[in-house]
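Peer 1: The following block contains the structure, expressed as structure tokens.
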There are 2 protein chains.
Amino acid sequence: MTSTAPSNSHIVPSKVRQHIHIPAREGRGVKLAAGEYIRIIDLEGQQIGDTFAYDVNDVNEYHSAPHTRAVWSRLFPRVGEAFITNRRRPILTLVEDNSPGIHDMKIAACDLPRYTADPPYGLGVEGWHASCQENCEKVMADFGFPNIVVPQSINLFMDTPALEDGRIAWLEATTKPGDNVVLRAEMECYLVVSACPQDILVINATQPSPMAIDVLG
Amino acid sequence: MTSTAPSNSHIVPSKVRQHIHIPAREGRGVKLAAGEYIRIIDLEGQQIGDTFAYDVNDVNEYHSAPHTRAVWSRLFPRVGEAFITNRRRPILTLVEDNSPGIHDMKIAACDLPRYTADPPYGLGVEGWHASCQENCEKVMADFGFPNIVVPQSINLFMDTPALEDGRIAWLEATTKPGDNVVLRAEMECYLVVSACPQDILVINATQPSPMAIDVLG
């Protein structure tokens, strides 16, 4: 069964084979085989998970927001549709969405200059601040890739809609404790999730909180 | 004068110092000094120009659509606002828009698999097809960078709006012959424009045509 059309025909394993806790403001990763399922969980609610996926055989191939939009002609895939790589291959399919179904794929992962640069380019924070980009870089360095391209993140649970006039609004995430999505790996890949440390804007209700990755099967 | 707020206070030079013709389906580039102005022209109308900019001092820094959206909270900058790099610095400011003002920054540059992969990932074309990604790679190789990351393009004149329900429509470009935009380099950069060779979808009215870059001053 390919993921060429929205479908709920995937059989999601019910057992949790590995539980990975993601402390607030940190990132964690896991190497997935093709066909494996994972559940990404917002444990306490109103928490965004910046998600990344890299091909194990060549980390220069990774999930890509602009390629995914081009394939599905949508701002975000529907359940049954896959995130596509920068080489136009499916890497992760969105299999279940047990959340309000509001996600973002327009905004870059937060990075150090997002916090420390002067407005309008950054938020004018003094000193170091945790960021989803640094979290992704750390996880991928632990996997053996110290100099990685960090692609535009899949921002699970992030409520930053495109308005009719072209503006983007920054709203509090609407998720409740335990809300989650299930993804299926379409190729052997490194999956990274960062529990977004953004505490200046309201998107995490200004209280970054932990998340979890359950590997199923 | 910085580009922190929309403004028309730039004084655009009236003289054309260098005229660069871009044949249909091809790409061309130019190295710009900080402060230089260029005009990108749709010569015959209904033609999209995929535009890219790289920092001359480190080509791992380049214009970035998701960072630009984050800084301006908009799907596309307004006149007076700058395109931002993946390190949160302004690289090109949109100074004048002498066109219907419809541009895209949601969709990846077309690449070979966009044409040759089987649907839904590609368009099922047999054999080689020109692409904006290959055009950018060729230009940057000529500048001495054979292995470049091709960022998500700034798709000038491309009419692919985000609809209210999250879908993206693919429409014919609405530009008339001679429509153009003026950009100002905010740092020394390589600028690349590809006259998009897309002739399967209707976005170039299925008739790819030439463009031009005028370096002003």
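Peer 1: So the label point sits 7 Å from Cα along the Cα-to-Cβ vector; using that for A:Pro210, what distances do you get to the other copies, in nanometres, sorted shortest first?
Peer 2: Sorted ascending, the copy-to-copy spacings read 6.4 nm.
Peer 1: Next up: Given an 8 Å cut-off on Cα distances and at least 6 residues of separation, report the relative contact order of the range A:1-108 as a percent. Mind dumping the intermediate values first?
Peer 2: On the way: 112 pairs, mean separation 27.9, N = 108.
Averaging sequence separation for qualifying contacts and normalising by length gives 26 percent for the range A:1-108.
Peer 1: Mind giving me the FRET efficiency for B:Ser14 and B:Phe143? R0 is 45 Å, r the Cβ-Cβ distance, nearest 0.05 is fine. Intermediate results must be reported in sequence, preceding the final value.
Peer 2: Numbers: r = 28 Å, r/R0 = 0.63.
Plugging the Cβ-Cβ distance into 1/(1 + (r/R0)^6) gives 0.95.
Peer 1: Semi-axes, largest first, in whole Å: what does sqrt of 5 times each Cα gyration tensor eigenvalue give for the range A:26-110? Each step should come with its number before you reach the end.
Peer 2: Values: eigenvalues 76, 55, 36 Å².
With the √(5λ) rule applied to the range A:26-110, the semi-axes are 20, 17, 13 Å.
Peer 1: 7 Å along Cα→Cβ for the label point: how many nanometres lie between A:Pro13 and each equivalent label in the other copies, listed shortest first?
Peer 2: A:Pro13 label point versus its equivalents elsewhere: 6.4 nm.
Peer 1: With every protein chain present, what is the per residue accessible area of the range A:133-178 (1.4 Å probe, Å²)?
Peer 2: Values: 2170 Å² over 46 residues.
Heavy-atom accessible area per residue stands at 47 Å².
Peer 1: Nearest 0.05, what FRET efficiency do B:His21 and A:Thr206 give at R0 = 60 Å with Cβ-Cβ as r? If you can, show how the numbers build up before the last one.
Peer 2: Details: r = 53 Å, r/R0 = 0.88.
My answer for the efficiency is 0.70.
Peer 1: Could you pull out the GluC sites (Glu not before Pro) across the range B:80-129 that fall in loop regions by DSSP (anything but H, G, I, E, B) with no more than 14 other Cβ atoms inside 10 Å? Display every interim value, and only then the final one.
Peer 2: Details: sites: B:Glu81, B:Glu96, B:Glu126; in loops: B:Glu81, B:Glu126.
Loop-located and lightly packed - B:Glu126.
Peer 1: Non-local amide H neighbours of A:Gly80 (under 5 Å, H modeled in plane, Pro and chain starts lacking H): which ones?
Peer 2: Under 5 Å from the amide H of A:Gly80 lie the amide H atoms of A:Ser7, A:Leu94, A:Val95, each far enough along the sequence or on another chain.
Peer 1: Continuing with this model, one more query. Comparing the chain by itself with all protein chains present, which residues of the range A:81-126 are at least 50 Å² less accessible (probe 1.4 Å)?
Peer 2: Residues meeting the cut-off: A:Arg88, A:Ala108, A:Pro120, A:Tyr121.
Peer 1: I would also like to ask the following. What is the angle, in °, between the Cα long axis of helix B:132-142 and the longest principal axis of the Cα atoms in chain B? Nearest 10 is fine, range 0 to 90.
Peer 2: Taking Cα atoms only, the helix is inclined about 50 degrees.
Peer 1: Expressed as a rounded percentage, what relative contact order does the range A:28-166 have, with Cα pairs under 8 Å and six or more residues apart?
Peer 2: Details: 210 pairs, mean separation 37.3, N = 139.
Answer for the range A:28-166 is 27 percent.
Peer 1: In Å², rounded to the nearest 100, what is the total accessible surface buried by chains B and A against each other with a 1.4 Å probe?
Peer 2: Details: alone 9730 and 9740 Å², together 16410 Å².
That pair hides around 3100 Å² of surface in total.
Peer 1: Charges only on Cβ, +1 for Lys and Arg, -1 for Asp and Glu: so what's the dipole of the range B:1-112 about the Cα centre, in debye to the nearest 20? Spell out each step's value before the answer.
Peer 2: On the way: 13 positive and 13 negative charges, 54 e Å.
Computed charge dipole of the range B:1-112: roughly 260 debye.
Peer 1: Mean projection of the alpha-carbon convex hull of the protein assembly as shown over all orientations, in nm²?
Peer 2: Details: hull surface 77.6 nm².
Mean projected area of the Cα convex hull: 19.4 nm².
Peer 1: How high is the relative contact order of the range A:92-217, in percent, counting Cα pairs under 8 Å that sit 6 or more residues apart?
Peer 2: On the way: 186 pairs, mean separation 39.0, N = 126.
31 percent.
Peer 1: Heavy-atom accessible area per residue, the range A:26-88, 1.4 Å probe: how many Å²?
Peer 2: Details: 1730 Å² over 63 residues.
Roughly 28 Å² per residue, with all protein chains present.
Peer 1: When the accessible area of the range B:1-116 is split by element with a 1.4 Å probe, what percent falls to carbon and sulfur? Present the calculation step by step, with values, prior to reporting the outcome.
Peer 2: Numbers: 2100 of 4330 Å².
Answer for the range B:1-116: carbon and sulfur cover 49 percent of the accessible area.
The values are calculated or read from the model by the stated rules, or taken from the named source; none is laboratory data. Everything numeric here is computed off the predicted structure, so don't read it as measured data. No Cβ is skipped: glycine too gets one built from the backbone with ideal geometry, and neighbour counts run over all protein chains shown. For accessibility, only protein heavy atoms count, side chains too; no ligands or nucleic acids. Shrake-Rupley method; radii C 1.70, N 1.55, O 1.52, S 1.80 Å.
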